[in-house]
Amino acid sequence: MGTTTASAPPDGDLHARAAMLLAAHGQKYTTARRAMVAVLAAMPHPATIAEVLIASPDLAASTTYRNVTVLREAGIVTRVSGADEFGRFELTEELAGPHHHHVTCTNCGLVLDAQSSASLEAALNDSIRDLMKAAGYEITGHRLELVGRCASCR
C-alpha cells in the first residue's frame with residue numbers, strides 16, 4: 001500500500017458539482033469558495049487552513065475559516081484529524097476521486113492519502129459488515145487511519 005493523491009475530476013466538473021451542492025444548501029459558490037476548492041483539489045494531501053492560505057494568499061483567514069464550515073455542511077469538504085491540534089481538510093470522495101485512507105505522522109502531524117488494494121478493501125468491507133450486523137448498525141462507509149512516523153521524522 002502506497003501513498004497517492006486522489007485524482008480529482010476535471011476542473012469544470014468539480015466546480016459545477018461544488019456549485020450544485022452549495023445551491024442545494026442555499027449557498028452561493030463565491031470566488032473565495034471556488035479558490036478554496038481549487039486549492040484543496042491541487043493539494044497532494046489533506047491541508048490545514050494555514051496551507052490553504054499559503055497556497056492562495058488572496059484569501060482572508062477569517063473568510064477561509066467561515067467558508068470551510070459552509071463547504072463541510074454542503075458535503076464538499078471533509079475534516080481529517082491529524083496527531084496534532086490542527087484540522088486538515090480535503091474534498092469529499094464524491095468530488096475528489098477514489099476511496100482512500102490516511103497515514104498520520106504521530107510526531108509532526110502530517111497526514112497523507114493512502115490507497116489500499118482492492119483485496120484489502122473487500123476484506124475490510126466483509127469484516128465490518130459482519131461486525132456491524134451483529135451490533136445492529138447500518139454502515140455507510142469506513143475510514144482506516146494508519147499511524148507512524150513520516151520519513152522526515154524517522
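Name the residues in segment 73-85 that are surrounded by 15 or more Cβ atoms within 10 Å (Cβ to Cβ) and either in contact (Cβ under 8 Å) with a residue 40 or more places away in the chain or under 15 Å from the mean Cα position of the chain (by Cα) (or both), would you?
Within segment 73-85, A74, G75, I76, V77, T78, V80, S81, G82, A83 qualify.
Hey, can you tell me all the residues within segment 55-81 that are closer than 21 Å to L14 by Cα and part of a strand (DSSP E or B)?
V77, T78, R79, V80 - these are the residues of segment 55-81 that are closer than 21 Å to L14 by Cα and part of a strand (DSSP E or B).
Tell me, which strands (runs of 3 or more DSSP E) lie completely within segment 98-152 with 3 or more residues that are among the hydrophobic types (A, V, I, L, M, F, W, C), touching a residue at least 40 places away in the same chain (Cβ under 8 Å) and surrounded by 13 or more Cβ atoms within 10 Å (Cβ to Cβ)?
Answer list for segment 98-152: 111-115.
Limited to segment 55-100, what total is found for residues that are among the hydrophobic types (A, V, I, L, M, F, W, C), more than 15 Å from Y29 (Cβ to Cβ) and touching a Ser or Thr at 6+ places or on another chain (Cβ under 9 Å)?
5
With R33, R66 as the choices, which residue is more than 28 Å from V147 (Cα to Cα), at pLDDT 95 or above and crowded, with 17+ Cβ neighbours inside 10 Å?
Of the residues listed, the single one that is more than 28 Å from V147 (Cα to Cα), at pLDDT 95 or above and crowded, with 17+ Cβ neighbours inside 10 Å is R33.
Considering every residue within segment 96-108, establish whether at least one is touching a strand residue (DSSP E or B) at 6+ places or on another chain (Cβ under 7 Å) and among the polar types (S, T, N, Q).
The answer is yes, given that some residue of segment 96-108 is touching a strand residue (DSSP E or B) at 6+ places or on another chain (Cβ under 7 Å) and among the polar types (S, T, N, Q).
Counting only residues that are surrounded by fewer than 19 Cβ atoms within 10 Å (Cβ to Cβ) and among the aromatic types (F, W, Y), how many does segment 86-97 have?
Count: 1.
Between a first residue in segment 40-55 that is farther than 14 Å from H102 by Cα and a second residue that is part of a loop (DSSP other than H, G, I, E, B) and not aromatic (F, W, Y), which pairs have beta carbons less than 6 Å apart while being 6 or more apart in sequence or on different chains?
From residues that are farther than 14 Å from H102 by Cα, the pairs are A41/A8; L53/L59.
The values are calculated or read from the model by the stated rules, or taken from the named source; none is laboratory data. Predicted model only: the values in this text are computed from it and were never measured. With ideal geometry, Cβ positions are generated from the backbone for all residues, glycine too; neighbour counts draw on all protein chains shown.
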